[in-house]
Amino acid sequence: MRTFITSWCWVLLYLTIVNWAYAKTIKVCHNCDIRLIKQAVELADTGDTIIVLEGRYRESNIIIRVPDIVLIGKGRVVIDAGKENQAVVVFKSPNVTIKNLTIKNVPFNSTEELAAVNILYSNGYIIEDLIIDSTFFGILVEQSDSGIIRGCTIRSGSSIDVYEATIGNGIHLCKSNYALIENNVITNMRDGIYFEFVSNSVIRGNYSYENKRYGLHFMFSNDDVYVNNRFEGNGAGVAVMFSKNIDMHNNVFKNNWGMSAYGLLLKEIYDSEIKHNVFIRNTTGIHVEGSARIIYEENDFVENGWAVNFLGGSYDNYFYHNNFIGNTFDVAYFGRINNNRFEENYWNKYTGYDLDRDGFGDVPYRPVDLFTYMVNEIPETIVLLRSFFVQILNFAEQVVPVLTPADIYDPKPLMQKWKWSGS
Amino acid sequence: MLKIIGYVIKDLLRNRWTLFYLLFYLLVGFAILIFSGDFSKSTVSFLQIILILTPLIGTLFGVMYYYNSRDFIELLLAQPIRRRDVFIGQWLGVSVSLGTSLVLGLGIPFLWYFAQYEVAGDQFVLLLLLGFALGTIFTGLAMAVSVSTDNKIRGFGYALVLWLLMAVVYDGFLLLALIAFRDYPLEKFALIATVFNPIDLARITILLKLDISALMGYTGAVFREFLGSTTGMILASSVLILWMLLPFALITLIAKKRDF
């Protein structure tokens with residue numbers, strides 16, 4: 001058996017070397033023998049490199065069907081799909097690299113998800129430094145594992161008030177595990193980044209802003225990490241749904257403001273960690289629904305409408321060392337306490353004292369004030385927002401709580417803003 | 001009547017009360033703008049002042065000025081002038097001088113702020129307009145109350161109760177009603193109830209101008225749709241004008257009937 005495997009290894013090594021040695025480079029330019037990228041792709045064998053020289057190429061539906069192809073642009077290469085079809089497709093060809101191209105004018109289609117780059121059944125893809133403009137979908141990856149999407153800029157080019165359904169997603173992964181999405185800039189799409197059934201992946205350093213729906217959208221995607229991303233001014237913020245073991249670190253959620261916009265929407269999320277994130281000026285900082293065993297540690301909630309909004313069915317959420325500063329409502333809460341805990345957070349609305357000077361207030365802080373409670377129960381009472389009467393009521397309730405849930409409280413509120421530990 | 005208005009304004013200037021009032025607003029205006037830093041936040045702080053202080057100061061001033069100038073009023077009444085003109089003149093004189101102090105006292109800090117940072121100032125203009133209107137309404141109501149009674153304490157008491165009713169208790173009843181009828185759709189009711197109290201109307205109008213209105217959800221959307229539409233705007237402003245006409249009618253009526 002061992003000899004069999006060894007011999008196979010030798011054969012593989014030989015093949016690779018031969019391949020490598022024979023791998024050719026195909027040049028495409030307006031004055032070359034090969035003037036179209038499509039021709040080059042058809043000529044290419046396994047392991048070839050296609051170098052496209054500067055210029056504008058008006059072609060669409062470029063389909064790569066052989067593995068190990070490198071498609072690379074030199075200078076400013078523009079592929080103009082002319083509103084005809086999708087631009088580049090990689091089909092059942094592992095280890096394809098696409099680099100340094102500008103792709104434009106992929107049309108809207110109501111039955112097919114036409115994308116600037118479409119990866120199908122091809123593992124190990126690398127997509128780098130693309131500029132994608134005026135497109136329906138940006139980069140669409142289906143059933144392809146272990147890929148990298150890095151340094152791409154994606155925008156739909158549609159005007160602001162276009163109907164949501166006529167715009168596609170920026171980076172859309174479906175059933176593709178072990179992906180790395182890094183340093184991309186996505187704007188004006190439907191969802192900036194959309195994960196469906198994508199596990200063990202990393203989303204890092206992306207800037208997703210002013211998308212019609214979500215800046216980042218997770219569905220049924222487990223064991224993922226997203227760090228150092230910025231999500232700004234998206235129609236509905238960021239949604240993480242029906243997923244387990246997600247780590248969300250060092251992200252910024254900013255200005256996701258509007259009637260149904262959330263900084264971060266958690267729905268049916270289990271066993272996750274939210275740490276070192278900043279939530280600034282969102283209508284709702286974090287909206288938690290049916291989520292359990294989540295640790296919220298060292299996050300800053302600044303000037304949100306609601307910093308945290310708990311809906312029913314959430315168990316064992318633990319808030320520890322967070323800063324709540326200048327939010328209109330700190331915590332809104334529906335239903336039973338369900339072992340959700342707030343401990344050692346800083347609340348700028350806290351008016352208690354610290355006689356023994358241990359840094360913790362001597363009286364517990366109740367983040368759900370009477371008005372928040374009432375607005376939750378009877379939404380119409382919001383017409384009394386900022387009314388003098390309500391302020392008096394709130395004060396009275398804070399001194400002697402009668403109506404507000406008695407078991408939601410921070411037993412050791414911090415007297416000073418918590419400084420994050422080294423991240 | 002113009003003469004009376006002019007005289008009242010001159011008198012108030014000599015009294016230095018308006019000057020004091022102006023200085024107070026200047027101080028508050030600069031303090032809020034400097035210390036709050038954030039523009040939207042400072043608007044909310046100003047809103048609180050406009051909603052609580054302006055009507056209160058208007059009320060106090062109206063009553064105080066009327067009782068202080070009783071002798072002068074009696075003198076005027078002996079002259080061949082229409083009674084209505086005497087009292088309305090007094091009212092307008094007081095509210096114009098108070099309103100000017102408000103507009104100058106907050107307007108100067110605003111202008112200073114706009115000179116430094118380029119921000120849209122339409123909500124500030126609205127704030128000043130509403131403050132002016134609220135001041136006028138409450139001065140008038142206070143005057144109407146004090147014209148109706150010679151007893152100073154009683155006059156003060158009634159006027160303060162009136163202010164308390166409008167600024168605080170009204171919201172309490174509104175809240176009770178909202179809680180009592182929570183099983184019914186209440187947006188329309190809330191809307192109507194809000195429009196008919198000038199303080200609440202001013203509050204909602206300003207809040208809808210700020211980003212904070214996104215918090216108001218469905219109810220806010222109903223309000224925005226109503227107050228944003230032309231009919232809504234016309235209705236809201238005519239309610240405010242009606243509120244300003246109410247003291248006018250009351251004062252005229254009481255002054256005609258009363259025996260001085």
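Structure notes:
- Residue in segment B:26-39 that is among the hydroxyl-bearing types (Ser, Thr, Tyr), without any contact (Cβ under 8 Å) to a residue 12 or more places away in the chain and within 14 Å of chain A (Cβ to nearest Cβ) present: yes
- Condition met for B:Arg154 (touching a helix residue (DSSP H, G or I) at 6+ places or on another chain (Cβ under 8 Å) and either over 30 Å from A:Ala307 (Cα atoms) or within 14 Å of chain A (Cβ to nearest Cβ) (or both)): no
- Test: residue in segment B:245-260 that is of a type in the set (S, T, N, Q) and under 30 Å from B:Glu74 (Cβ atoms): yes
- Single residue of segment B:199-232 satisfying the filter (closer than 19 Å to B:Ile52 by Cβ and touching a Leu at 6+ places or on another chain (Cβ under 6 Å)) that is modelled with the lowest pLDDT: B:Ile206
- Scanning segment A:31-56 for residues that are assigned to a loop (DSSP other than H, G, I, E, B) and either among the charged types (D, E, K, R) or at negative phi (or both) yields A:Asn31, A:Cys32, A:Asp33, A:Ile34, A:Arg35, A:Leu36, A:Ala44, A:Asp45, A:Thr46, A:Asp48, A:Leu53, A:Glu54.
- Residue check, B:Thr194 part of a helix (DSSP H, G or I), within 13 Å of chain A (Cβ to nearest Cβ) and among the polar types (S, T, N, Q): yes
- Enumeration of residues in segment A:235-256 that are in contact (Cβ under 8 Å) with a residue 40 or more places away in the chain, more than 11 Å from the chain's Cα centre (by Cα) and under 24 Å from B:Val222 (Cα atoms): A:Gly235, A:Asn256
- The condition of being touching a Pro at 6+ places or on another chain (Cβ under 7 Å), more than 14 Å from chain B (Cβ to nearest Cβ) and buried (at least 16 other Cβ atoms within 10 Å of the Cβ) holds for only one of A:Asn340, A:Asn345, that being A:Asn345.
- Residues satisfying the stated conditions in segment B:202-213, i.e. more than 8 Å from chain A (Cβ to nearest Cβ) and either under 16 Å from A:Pro379 (Cβ atoms) or not in a helix (DSSP H, G or I) (or both): B:Leu210, B:Ser213
- Test for B:Ile199: is it hydrophobic (A, V, I, L, M, F, W, C), touching a helix residue (DSSP H, G or I) at 6+ places or on another chain (Cβ under 8 Å) and more than 13 Å from chain A (Cβ to nearest Cβ): no
- Selection within segment A:217-235 - crowded, with 21+ Cβ neighbours inside 10 Å and within 30 Å of B:Leu208 (Cβ to Cβ): A:Phe231, A:Asn234
- B:Phe260, sole failed condition from (1) more than 10 Å from chain A (Cβ to nearest Cβ); (2) assigned to a helix (DSSP H, G or I); (3) hydrophobic (A, V, I, L, M, F, W, C): (2)
- Residue satisfying condition, being surrounded by fewer than 21 Cβ atoms within 10 Å (Cβ to Cβ), more than 11 Å from chain A (Cβ to nearest Cβ) and either touching a strand residue (DSSP E or B) at 6+ places or on another chain (Cβ under 7 Å) or free of Cβ contacts under 8 Å to residues at least 24 places away in the same chain (or both), within set B:Gly232, B:Gly217: B:Gly232
- Residue, farthest from A:Gln416 (Cα to Cα), within segment A:309-331, restricted to residues that are under 25 Å from the mean Cα position of the chain (by Cα) and within 14 Å of chain B (Cβ to nearest Cβ): A:Asn309
- So B:Phe189, is it at the interface with another protein chain (Cβ under 10 Å from one of its Cβ atoms) and more than 30 Å from A:Lys254 (Cα to Cα): yes
- Against the list (1) among the hydroxyl-bearing types (Ser, Thr, Tyr); (2) over 26 Å from A:Thr284 (Cβ atoms); (3) surrounded by fewer than 17 Cβ atoms within 10 Å (Cβ to Cβ), the condition A:Tyr163 fails is (2).
- Per-region count, segment B:173-186, residues over 15 Å from B:Arg203 (Cβ atoms), at the interface with chain A (Cβ under 7 Å from one of its Cβ atoms) and assigned to a helix (DSSP H, G or I): 2
- For segment A:350-363, filtering for residues that are modelled with pLDDT under 90 and closer than 21 Å to A:Tyr318 by Cβ leaves 1.
- Considering only residues in segment A:1-30 that are of a type in the set (D, E, K, R) and not in a helix (DSSP H, G or I), the one that is modelled with the lowest pLDDT turns out to be A:Lys24.
- Evaluation of A:Ala261 against the conditions (1) closer than 21 Å to A:Glu377 by Cα; (2) over 17 Å from the mean Cα position of the chain (by Cα); (3) modelled with pLDDT under 90 shows that the sole unmet condition is (2).
- Residue match in segment A:369-388 (condition: over 21 Å from B:Ala214 (Cα atoms) and either touching a residue at least 60 places away in the same chain (Cβ under 8 Å) or within 11 Å of another protein chain (Cβ to nearest Cβ) (or both)): no
- If the condition is being within 11 Å of another protein chain (Cβ to nearest Cβ) and of a type in the set (A, V, I, L, M, F, W, C), then segment A:389-401 contributes A:Phe389, A:Val390, A:Ile392, A:Leu393.
- Answer from B:Phe46, B:Phe39 - the residue that is surrounded by 16 or more Cβ atoms within 10 Å (Cβ to Cβ), over 22 Å from the mean Cα position of the chain (by Cα) and at pLDDT below 90: B:Phe39
Table: residues versus (1) closer than 17 Å to A:Ile149 by Cβ; (2) assigned to a loop (DSSP other than H, G, I, E, B).
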{"position": "A:Asn200", "(1), (2)": "yes, yes"}
{"position": "A:Ser208", "(1), (2)": "yes, no"}
{"position": "A:Lys212", "(1), (2)": "no, yes"}
{"position": "A:Gly215", "(1), (2)": "yes, no"}
{"position": "A:Asp223", "(1), (2)": "no, yes"}
{"position": "A:Tyr226", "(1), (2)": "yes, no"}
{"position": "A:Gly235", "(1), (2)": "no, yes"}
{"position": "A:Ala239", "(1), (2)": "no, no"}
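- Yes/no for B:Ile199 being closer than 28 Å to A:Glu377 by Cβ and out of contact with any Ser or Thr (no Cβ under 8 Å at 6 or more places or on another chain): yes
The values are calculated or read from the model by the stated rules, or taken from the named source; none is laboratory data. This one's a predicted model, so the numbers in the text were calculated from it and none came from an experiment. All Cβ positions, glycine included, derive from the backbone under ideal geometry; neighbour counts span all protein chains shown.
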